[in-house]
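For reference, the structure discussed in these notes is given below.
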Amino acid sequence: MNILEKENKKVVLLGNEAIVRGALESGVDFVSVYPGTPSSEIGNIFFKLSQLKKFKGYFEFSTNEKVALEAGIGASFSGLKVLVAMKNFGANVALDALAPFAYTGSKGATVIIIADDPSCHSSGQSEENSRGFAQLVHLPILEPSTPQENKEFVKQAFQLSEKFNIPVIVRITTRVAHQRSLVNLAKIKTSKTKGFFKKDKNQFITLPPRVLEMKKELFEKLEKIKNLAEKSAINKIIKNSSSHSKIAVITSGVSYLNVMEALQETKTNLAVLKLGFFYPLPEDKIKNFIKNLKKVLIVEELEPYLENEVTRLAKQVNCQLEVVGKKLFSQIGEITPDQTAQAIAQITGKKLKNKKLLEKQDNQIEIPKRMPRLCPGCPYWLVVSALKKAVDPKKVIFGGEIGCYMLLGMPSVNMQDYLFCMGSSVGIGHGIRKSTNQKLISFIGDSSFFHAAIPALINAVTNKSSLLIIILENQTTAMTGHQPHPGAPSSGEPGIKIENIVKACGVNYVKTIDPINQKEFVDTLKSFLNKPEVSVIISKKPCIQIKK
Amino acid sequence: MHTNKKINEFNLLIVGTGGQGQITLLQVLAEAAFIDQFDFKSSELHGLSQRGGSVKVHIRFGKEIHSPMIEKNKADLILGLEMQESLLARDFAYPETIFLVNKHFIPVVPGKKVSQEQVSDQLKKMNKNVFLVPANEICQKELGTSVTAGIYLISFACFKKFIPIKPQSILKAIEKTITKKHLDLNIKTFNLASKINNQ
């Protein structure tokens, strides 16, 4: 495995593989994750390494990102080195624990990977930009651009965390996580599994008035980290003696790569300030960079955080500076190398070389758009079939959920009327049922059930709702790569029985059915849909992709 | 046509549907590019996009590669694992782009009905460098399975010098990347593709 090769070797690594390697080279002891694209490979690899006994530390797939982070916090408080990984929405779930963690600080160095997905290649919900957490939780955020940087920045993050006792976020995007290129390896450090929780009421209890003192301490740490950022090599200026003296570029992440590509392609020589720190920003370095410029191009995806900061700093050193960012780039969607080249051409007044296009053809046929769909043989097709027999889909509201059943909204099935965050199929369904007299069916997967739907189920029962919930128990976390979950552990043990939990939540009408038994499924659907209380059908049939 | 010389930049776009093994192909090509001492970067998508939808993966290699993504109209070779997806990739082509297309048709369901013949005709009219190779058929016939059609095509492309990577590097990359369980089949596929020079 490339990821385990010896130090001083050069190997091909995927961005997420390089993150794992960076953690191993830092001697990480404790890793907890909940899968989510584009971060899933991090957990998958640690899982594999654990099974092969190549990772001597502790690894777990946690039930959701909040408990993943909390587990990590416990390990950190016990003096272990911790890595927690999630996608952007996972950080929303973990936020309740993340905010106080900034205040208490870490004991064992802790790095949190948050992976965003501009253009929502593999995300519903929203195009959330986790850079926004910086000002909310006040934690350092580093932004690597390549697999090599993924590794280096994870190591720097551990060092930073160690030095200042503060958790550090490394923020990646799809094009950084799922990029492959060469990485220089260094030595893997040994991991330990046993720490010690030294009692310290002053550090771990976030009650007022101590909590406000902690905030002060946090700001003091950040000031010191900002001074470190000013001198850090990961905030670097790329220029030479013939760089344009009045126009320059500030950028980070994958946009940096597109900028360098565009400069090379258009044969333009602009100085580039590449920011490895998103927060805290090396403000003096930025001010120095912009003070004699006429124009600065900010190449940043999504919201103009950097642009707003540069605009603010320009007022201090260069009031005439024209800061160009969202004027040329949308806040929506990833920025392509083409768009970057166009922006560079526009800002320098250069004309882009006309690209040679294919000749237009007569009678071009229209190819229908190929949308993702449920795999042939997926057990969910049986559920769809039963539903079509049991109900008039036009007369029932269907709650969508995050997972493979997101695809139940596709045209040939068309059983999806809303789609939000994990667990919300039940949560929102309850709200609709209390507000109308309409029939409603909520879909939820088994992994999602454990992740988020249990409180929603309890809420629906307690507040006397009457929705029908279909739990799709395919015994895996499929969409993200078939990870185990509490109902289907990797050890092969039985796991927590969903039916028992549903009964314990006070549901009187619950039935576990293999959807191959169409008649039983159809009859139960018809019966349960008319119940005046919450009812649950557990559709139990394994995903066809699970390796036996 | 490209010959096997040290080049500035080569952009290879692989298109197909989810589940056709694009990521494995990228892994092999990345290792092969490394063996041939090219600078390179690649870009791929996982998760939702894999569930039978359209999938494009990029690999770029040469002297100094920065962006992991290929710009519109700059793909030197478009390797299409499926015919309709190959047509849809026309935005990435310029007049001399080589289209190496698997003569394999996966209907889009649901969707307006387009016939394989219509797509084939359209492809042949794209430019003068369209090569339709029945890789699935060849592999099924000679190896008993079409699962390595992609490996067949990239090996084919190297033997035909469509990609400036040494065929031997592809073989070494296959040996390095593919799991033991499937290694034999993949090596046989590579060897099968080497026979094209006798055709």
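The values are calculated or read from the model by the stated rules, or taken from the named source; none is laboratory data. Computed from a predicted structure; not experimentally measured. All Cβ positions, even for glycine, are placed from backbone atoms using ideal geometry, and neighbour counts span all protein chains on display. When the accessible area is computed, the model is the full protein with side chains, heavy atoms only, and any ligands, DNA or RNA have been set aside. Shrake-Rupley method; radii C 1.70, N 1.55, O 1.52, S 1.80 Å.
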Out of (1) of a type in the set (A, V, I, L, M, F, W, C); (2) facing chain A (nearest Cβ under 10 Å); (3) out of contact with any Phe, Trp or Tyr (no Cβ under 7 Å at 6 or more places or on another chain), what's the single condition that is false for B:Leu81? (2)
Out of A:Lys151, A:Lys194, I need the residue that is over 17 Å from the mean Cα position of the chain (by Cα), of a type in the set (Lys, Arg), open to solvent by less than 10 Å² (accessible area, probe 1.4 Å) and away from chain B (no Cβ under 14 Å). Which one? A:Lys151
Quick one: is A:Lys267 within 14 Å of chain B (Cβ to nearest Cβ), under 22 Å from A:Ser242 (Cβ atoms) and of a type in the set (Lys, Arg)? yes
Test for A:Lys107: is it over 24 Å from A:Asn202 (Cα atoms), open to solvent by 50 Å² or more (accessible area, probe 1.4 Å) and outside any helix (DSSP H, G or I): no
Where A:Met422 falls short, out of the listed (1) in a loop (DSSP other than H, G, I, E, B); (2) buried (at least 21 other Cβ atoms within 10 Å of the Cβ); (3) within 11 Å of chain B (Cβ to nearest Cβ): (3)
Just to be sure, is A:Ile298 within 14 Å of chain B (Cβ to nearest Cβ), within 33 Å of the chain's Cα centre (by Cα) and of a type in the set (A, V, I, L, M, F, W, C)? no
Got at least one residue in region B:59-67 being closer than 29 Å to B:Glu117 by Cα and either touching a helix residue (DSSP H, G or I) at 6+ places or on another chain (Cβ under 7 Å) or away from chain A (no Cβ under 11 Å) (or both)? no
Lone qualifier among A:Ile188, A:Ile172, A:Ile113 - being open to solvent by less than 20 Å² (accessible area, probe 1.4 Å) and away from chain B (no Cβ under 14 Å): A:Ile113
Sole exception among (1) part of a loop (DSSP other than H, G, I, E, B); (2) over 22 Å from A:Leu525 (Cα atoms); (3) within 28 Å of the chain's Cα centre (by Cα) for A:Gln475, by number: (2)
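Results for (1) part of a loop (DSSP other than H, G, I, E, B); (2) farther than 25 Å from A:Ser123 by Cβ, shown as yes or no for each residue.
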| position | (1), (2) |
| --- | --- |
| A:Ala157 | no, no |
| A:Ser161 | no, yes |
| A:Ile169 | no, no |
| A:Lys192 | yes, yes |
| A:Phe196 | yes, yes |
Residue list for region A:439-463, filter: more than 18 Å from A:Ser527 (Cα to Cα) and of a type in the set (D, E, K, R): A:Asp446
Residue selected from region B:97-133 under the condition open to solvent by 40 Å² or more (accessible area, probe 1.4 Å) and at the interface with another protein chain (Cβ under 8 Å from one of its Cβ atoms), by the criterion nearest to the chain's Cα centre (by Cα): B:Lys125
Give A:Gly409, A:Gly400, A:Gly429 a once-over and let me know the one that is within 14 Å of another protein chain (Cβ to nearest Cβ) and touching a residue at least 40 places away in the same chain (Cβ under 8 Å). A:Gly400
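Residue by residue through region A:414-454, note down the ones that are among the hydrophobic types (A, V, I, L, M, F, W, C) and out of contact with any Phe, Trp or Tyr (no Cβ under 9 Å at 6 or more places or on another chain).
Scanning region A:414-454 gives A:Leu419, A:Phe420, A:Phe449, A:Phe450, A:Ala452, A:Ala453, A:Ile454.
Which members of region B:48-68 meet the condition of being under 21 Å from B:Leu88 (Cα atoms) and open to solvent by less than 10 Å² (accessible area, probe 1.4 Å)?
Result: B:Gly53, B:Val55, B:Val57, B:Ile59, B:Arg60, B:Pro68.
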Among the residues of region B:14-51, count how many are in a strand (DSSP E or B), more than 7 Å from every other protein chain (Cβ to nearest Cβ) and under 25 Å from B:Lys103 (Cα atoms). 3
Show the residue pairs meeting these rules: Cβ distance below 7 Å; 6+ apart or different chains; first residue within region A:339-359 and open to solvent by 100 Å² or more (accessible area, probe 1.4 Å); second residue in a helix (DSSP H, G or I). A:Lys351/A:Ala345
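Just give me the residues in region B:161-199 being touching a residue at least 60 places away in the same chain (Cβ under 8 Å) and either farther than 27 Å from A:Leu13 by Cβ or in contact with a His (Cβ under 8 Å, 6 or more places away or on another chain) (or both), in sequence order. Let's see the steps before the verdict.
Kept after step one, since they are touching a residue at least 60 places away in the same chain (Cβ under 8 Å), are these residues of region B:161-199: B:161-166, B:169-170, B:172-174, B:176-178.
Those that are touching a residue at least 60 places away in the same chain (Cβ under 8 Å) and either farther than 27 Å from A:Leu13 by Cβ or in contact with a His (Cβ under 8 Å, 6 or more places away or on another chain) (or both): B:Lys161, B:Phe162, B:Ile163, B:Pro164.
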Suppose the filter is assigned to a helix (DSSP H, G or I), more than 9 Å from chain A (Cβ to nearest Cβ) and farther than 21 Å from A:Pro38 by Cα; does B:Ala89 pass it? yes
The residue from A:Ala85, A:Ala91, A:Ala18, A:Ala23 that alone is at pLDDT 95 or above, more than 20 Å from B:Gln27 (Cα to Cα) and either within 14 Å of chain B (Cβ to nearest Cβ) or touching a Phe, Trp or Tyr at 6+ places or on another chain (Cβ under 7 Å) (or both) is A:Ala91
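Run down A:Leu218, A:Leu222, A:Leu212 and say which single residue is modelled with pLDDT of 95 or more, out of contact with any Leu (no Cβ under 8 Å at 6 or more places or on another chain), open to solvent by 70 Å² or more (accessible area, probe 1.4 Å) and part of a helix (DSSP H, G or I).
Only one candidate qualifies: A:Leu212.
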Return yes or no: is B:Ala75 more than 8 Å from chain A (Cβ to nearest Cβ), small (Gly, Ala, Ser), touching a residue at least 60 places away in the same chain (Cβ under 8 Å) and part of a loop (DSSP other than H, G, I, E, B)? yes
I need the helices (runs of 4 or more DSSP H) fully contained in region A:291-398, keeping only those with at least 2 residues that are modelled with pLDDT under 95 and within 30 Å of A:Gln545 (Cβ to Cβ). A:380-390
Given (1) farther than 25 Å from A:Gly43 by Cβ; (2) within 14 Å of chain B (Cβ to nearest Cβ), A:Ile441 misses just (2)
Single residue of region A:376-397 satisfying the filter (open to solvent by less than 30 Å² (accessible area, probe 1.4 Å) and within 13 Å of chain B (Cβ to nearest Cβ)) that is farthest from A:Gln125 (Cα to Cα): A:Cys378
